[in-house]
1. Looking at region 142-150, is at least one residue more than 12 Å from ligand 2 (Cβ to nearest atom), on the phi < 0 side of the Ramachandran plot, over 10 Å from the mean Cα position of the chain (by Cα) and open to solvent by less than 10 Å² (accessible area, probe 1.4 Å)?
2. What number goes with the only condition from (1) near ligand 1 (Cβ under 9 Å from one of its atoms); (2) at pLDDT 90 or above; (3) within 23 Å of Glu279 (Cβ to Cβ) that Gly199 does not pass?
3. Quick test for you: out of Leu103, Leu138, Leu164, pick the one residue that is surrounded by 24 or more Cβ atoms within 10 Å (Cβ to Cβ) and within 18 Å of the chain's Cα centre (by Cα).
4. With (1) more than 21 Å from the chain's Cα centre (by Cα); (2) within 17 Å of Ser160 (Cβ to Cβ); (3) not in a helix (DSSP H, G or I) as the list, and Leu233 as the residue in question, which single condition is left unmet?
5. Within region 1-42, which residues are outside any loop (DSSP other than H, G, I, E, B), modelled with pLDDT under 95 and under 17 Å from Leu350 (Cα atoms)?
6. Of the residues that sit in region 277-316 and are in a strand (DSSP E or B) and open to solvent by 30 Å² or more (accessible area, probe 1.4 Å), which one is farthest from Asp139 (Cα to Cα)?
7. Determine if region 134-156 includes at least one residue that is assigned to a loop (DSSP other than H, G, I, E, B), at pLDDT below 95 and within 15 Å of ligand 1 (Cβ to nearest atom).
8. Among the residues of region 278-320, what is the count of those that are under 14 Å from Ala267 (Cβ atoms) and within 16 Å of ligand 2 (Cβ to nearest atom)?
Amino acid sequence: MRRSDPCSDRKDPKPPQMLRTLGIETSCDETAVAVLDRDGRVEANLLASQIGAHAPFGGVVPELASREHLKALPLLAEQALAAATGPIELVAVTAGPGLVGALLVGVRFAAAFAWGSSLPLVAVDHLEGHLVSPFLDLDGAPVRPEPERVLALVASGGHSSWYLMRDGSRQRLGRTRDDAAGESFDKVAQVLGVGYPGGPAMDALARAGDDSVVPLPRPRLKDAPLDFSFSGLKSAAIRWLRENELEAAGPGDTSRRVADFAASFEAAVVDQLLAPLDELAAVYRPQLVTVAGGVAANTLLRRRISEWGQRRSVEVLLPARPLTTDNAAMIAHAGQIRYREGHRNDARRLDARAREAWQPPGMRAAVESCGEAEVR
Ligand code: KG4
Ligand code: ZN
């Protein structure tokens with residue numbers, strides 16, 4: 001029998017309230033478990049990073065990621081449950097997109113937990129988690145309600161897109177045509193030899209640099225003014241490093257040239273990400289602009305978008321830095337929203353999907369773009 005909504009197994013009448021939720025995220029290289037109370041207050045937000053395991057390979061090794069998740073997840077879950085101030089009522093888990101072996105560890109763990117405890121289970125789309133992350137607070141406040149019209153940038157290692165969040169629906173408005181912003185930071189940082197992940201290393205180097213020193217292109221796509229591209233910028237940056245003999249300069253090189261390069265590259269990435277913003281704001285007149293995903297931790301991006309908001313008198317909401325990169329608090333909250341919308345998944349049948357996603361109905365048109373696996 002064909003179900004009308006492939007993203008959930010069943011739709012119940014909308015329950016009036018959110019539930020205390022256990023959230024689980026294992027889509028890439030962070031094992032994360034969180035508990036949110038009925039008001040979306042973060043009671044626990046725990047993370048076991050695998051960066052050390054993958055760093056020697058310069059990127060995430062899928063097989064290694066699954067093994068690390070298997071080791072870390074039961075311990076983290078035990079700690080998160082101990083921090084909860086009441087009984088868990090709902091289980092939410094990232095079911096895609098991501099590395100399928102890594103996702104499966106979280107999905108089967110969550111399903112077994114929900115089944116064994118007779119709790120409802122909801123599958124969450126990883127990107128939906130990033131989209132709701134700015135509304136969470138890590139200082140004990142309830143989750144902030146979404147206003148009617150939000151313009152949201154998700155910029156991470158696998159995705160770079162602008163969305164309109166309107167009345168619970170999500171619509172993708174602009175996206176990268178090639179690399180993601182975080183991926184371009186990681187690849188350029190790898191050539192420079194400053195380690196993995198590259199974004200935080202480039203951010204730190206850039207703070208001492210002059211962004212006007214290295215001329216780098218900011219190509220725009222004539223036929224798609226709301227889309228952006230990073231591959232031309234990345235190639236030009238790598239070429240400049242080779243021509244200037246800074247390939248594999250390494251983390252110990254704190255010379256002026258390295259700092260100026262990092263600052264110039266970072267400024268070009270931020271310019272690309274923010275290029276469509278004026279036009280998007282003019283068309284959609286948002287009450288709020290948000291930035292989410294790992295690149296939302298970037299110092300210059302945070303400053304530039306805040307300045308834009310002040311200039312334009314539009315409120316800008318940025319996630320707390322620990323909620324920019326992958327975490328389970330955002331997955332728990334996205335699960336609370338899906339549950340309140342009536343979605344349920346069958347614990348005996350829930351599977352992980354590398355590319356397909358579990359979108360809210362209004363975001364269905366964006367499934368293809370959101371389906372890019374977060375494989376680096
Ligand atoms: O959201 P995330 O943890 O994982 C994905 O869903 O992809 O994002 C990770 C990405 C990496 O590419 C990393 O280099 C980048 O976010 N990143 C940054 C910064 N911190 C993390 N990029 C620029 N500046 C930063 N401070
Ligand atoms: Zn992510």
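1. Going residue by residue through region 142-150, those that are more than 12 Å from ligand 2 (Cβ to nearest atom) are 142-150.
Subset that is on the phi < 0 side of the Ramachandran plot: 142-150.
Next cut, over 10 Å from the mean Cα position of the chain (by Cα) only: 142-150.
Checking the rest, the ones that are also open to solvent by less than 10 Å² (accessible area, probe 1.4 Å) come to 150.
Yes, region 142-150 contains a residue that is more than 12 Å from ligand 2 (Cβ to nearest atom), on the phi < 0 side of the Ramachandran plot, over 10 Å from the mean Cα position of the chain (by Cα) and open to solvent by less than 10 Å² (accessible area, probe 1.4 Å).
2. If we test Gly199 against (1) near ligand 1 (Cβ under 9 Å from one of its atoms); (2) at pLDDT 90 or above; (3) within 23 Å of Glu279 (Cβ to Cβ), just (3) comes out false.
3. Working: Leu138 fails: surrounded by 24 or more Cβ atoms within 10 Å (Cβ to Cβ); Leu164 fails: surrounded by 24 or more Cβ atoms within 10 Å (Cβ to Cβ).
After ruling out the rest, the residue left standing is Leu103.
4. (3)
5. First, pick out the residues of region 1-42 that are outside any loop (DSSP other than H, G, I, E, B): 10-11, 21-25, 30-36, 42.
With the extra rule that they be modelled with pLDDT under 95, the set shrinks to 10-11, 30.
Once the filter is applied, which keeps residues that are outside any loop (DSSP other than H, G, I, E, B), modelled with pLDDT under 95 and under 17 Å from Leu350 (Cα atoms), region 1-42 yields Arg10, Lys11.
6. Taking region 277-316 and keeping what is in a strand (DSSP E or B), we get 288-292, 315-316.
Then drop every residue that is not open to solvent by 30 Å² or more (accessible area, probe 1.4 Å), which leaves 315-316.
Values: Glu315: 20, Val316: 19 Å.
Only one residue tops the list, namely Glu315.
7. Within region 134-156, one or more residues are assigned to a loop (DSSP other than H, G, I, E, B), at pLDDT below 95 and within 15 Å of ligand 1 (Cβ to nearest atom).
8. Let us first name the residues in region 278-320 that are under 14 Å from Ala267 (Cβ atoms), namely 295, 298-305, 307.
Retained after the next criterion (residues that are within 16 Å of ligand 2 (Cβ to nearest atom)): 295, 298, 301.
Residues in region 278-320 being under 14 Å from Ala267 (Cβ atoms) and within 16 Å of ligand 2 (Cβ to nearest atom): 3 in total.
The values are calculated or read from the model by the stated rules, or taken from the named source; none is laboratory data. For clarity, every value in this text was computed on a predicted model and none was experimentally measured. All Cβ positions, glycine included, derive from the backbone under ideal geometry; neighbour counts span all protein chains shown. Ligands, DNA and RNA are excluded from the accessible area calculation, which covers all protein heavy atoms including side chains. Shrake-Rupley method; radii C 1.70, N 1.55, O 1.52, S 1.80 Å.
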